[in-house]
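Here is the structure we will look at.
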Amino acid sequence: MPNGKPAGVACNHLTAERRCAIFGLPERPQVCAAFMADEQVCGSSAEEALRILGWWEQATA
């Protein structure tokens, strides 16, 4: 997403399994490559991660 990802919009590089389709490839954005998963951000499950990320998107909109 050349101009960034708007809040509430899924990344266009996610697979149906919510995995990065360009992981490890040179075109993967630096912000994604630098992201370090942390329980405070990601929770302990995919569902919890989506809730937390939704909250962060709303809080920083």
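The values are calculated or read from the model by the stated rules, or taken from the named source; none is laboratory data. Remember, predicted model here, so these are calculated numbers, not experimental data. Ideal geometry is used to build each Cβ from the backbone, glycine not excepted, and the neighbour counts take in all protein chains shown.
What tally of residues in the stretch 24-45 results from selecting those that are assigned to a helix (DSSP H, G or I) and over 13 Å from the mean Cα position of the chain (by Cα)?
Total satisfying the criteria: 2.
Hey, GLU57 hits all of (1) touching a residue at least 24 places away in the same chain (Cβ under 8 Å); (2) in a helix (DSSP H, G or I); (3) more than 16 Å from GLY4 (Cα to Cα); (4) not hydrophobic (A, V, I, L, M, F, W, C) but one; which does it fall short on?
(3)
Of all residues being surrounded by 11 or more Cβ atoms within 10 Å (Cβ to Cβ) and in a loop (DSSP other than H, G, I, E, B) in the stretch 13-22, which is modelled with the lowest pLDDT? Just the residue, please.
Ranking the qualifying residues of the stretch 13-22, first place goes to ARG18.
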